[in-house]
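Read through the structure below, which is laid out as structure tokens, and then see the notes.
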Amino acid sequence: MKAPLIAISRHRIATDGVGVTTLVAFHGCPLACKYCLNPQCKRADGLWKRMSPKELLAEVSLDDIYFQATKGGICFGGGEPLLYSDFILQFAEIMPSEWNITVETSLNVPLEQLKTIEKAVSKYVIDIKDMDSDIYKRYTGKGNQQVIDNLKYLISKGIGSKACIRLPLIPNFNAEENRTKSEEQLREMGFDDFDKFKYFVKEG
């Protein structure tokens with residue numbers, strides 16, 4: 001099995017989970033966000049290379065000492081990493097047991113993709129956009145019922161505490177009252193770790 005990547009970024013500190021991490025970014029995403037941070041993940045010419053789990057392990061193992069000393073590891077992002085859940089699981093099965101895996105995900109994938117990697121993941125960073133279905137669809141081009149179902153699944157399995165929920169203010173799409181309502185809904189579901197920030201959009 002080989003998965004398409006857009007980049008590998010080493011020596012990231014306190015941005016993708018605990019300790020020193022290496023970001024492994026996949027090509028491909030089910031969303032069409034208006035202010036996409038990594039548009040190359042959707043472009044044919046954005047593909048950097050394809051790697052197998054063993055090839056990726058060989059690539060990232062040079063930072064093993066940093067991962068083990070800081071309780072860091074690999075952050076899978078993209079694009080949408082849960083499109084490649086089987087790859088992530090195979091990688092987790094051969095990596096050193098001291099490493100941790102973080103996934104940065106929209107959760108807008110079939111539930112089976114989430115179930116596949118559930119036992120391998122130490123931390124979920126979930127980019128929720130907005131809980132309002134109309135705002136979400138206008139911004140991403142897709143509905144968010146799949147996201148909501150997957151959030152409920154995490155809570156039902158008792159692993160909601162592993163999730164950090166990103167709640168952005170998105171110019172021209174939502175406002176503070178929308179974000180507040182989203183946070184209230186998520187707290188009612190059982191989540192309590194939030195990363196709130198604002199997108200800065202270059203005009204013109």
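Assorted remarks:
- Assigned charges on the beta-carbon of Lys, Arg, Asp, Glu; the chain dipole about Cα centre (debye): 380 debye
- Ordering Met51, Val24, Gly190 by Cα displacement along the dipole of the chain toward the positive end leaves Met51 in first place; charges were set at the Cβ atoms of Lys, Arg (+1) and Asp, Glu (-1).
- Shape of segment 123-191, Cα gyration tensor, a/c cut at 1.5: prolate
- Global form of segment 1-145, assessed from the alpha-carbon gyration tensor, a/c cut-off 1.5: prolate
- With 30 Å as the limit on Cα-Cα distance, the pairs of Lys123/Lys198; Lys152/Lys196; Lys34/Lys54; Lys71/Lys202; Lys115/Lys142; Lys115/Lys202 that go past it are Lys34/Lys54; Lys71/Lys202; Lys115/Lys202.
- Average accessible surface for the chain: 50 Å² per residue, computed with a 1.4 Å probe over protein heavy atoms with every protein chain in place.
- Cross-link partners of Lys2 among aspartates and glutamates (Cα-Cα below 17 Å; sequence separation of 8 or more within a chain): Glu55, Glu59, Glu80, Asp86, Glu93
- Mean residue ellipticity at 222 nm, helices only, the chain: -9500 deg cm²/dmol; runs of at least 4 DSSP H residues each add -39,500 (n - 2.57), and the sum is divided by the number of residues.
- Cα-based shape type of segment 77-195, given that a ≥ b ≥ c are square roots of the gyration tensor eigenvalues and the cut on a/c is 1.5: prolate
- For segment 129-147 versus segment 148-175, the spacing of their alpha-carbon centroids is 12 Å.
- Within the accessible area of the chain (1.4 Å probe), percent carbon and sulfur: 50 percent
- Whole-angstrom gap from segment 1-50 to segment 56-90, using each part's C-alpha centre: 12 Å
The values are calculated or read from the model by the stated rules, or taken from the named source; none is laboratory data. Because the structure is predicted, anything quoted here is derived from the model rather than measured. All Cβ positions, even for glycine, are placed from backbone atoms using ideal geometry, and neighbour counts span all protein chains on display. Only protein heavy atoms, including side chains, enter the accessible area calculation; ligands, DNA and RNA are left aside. Shrake-Rupley method; radii C 1.70, N 1.55, O 1.52, S 1.80 Å.
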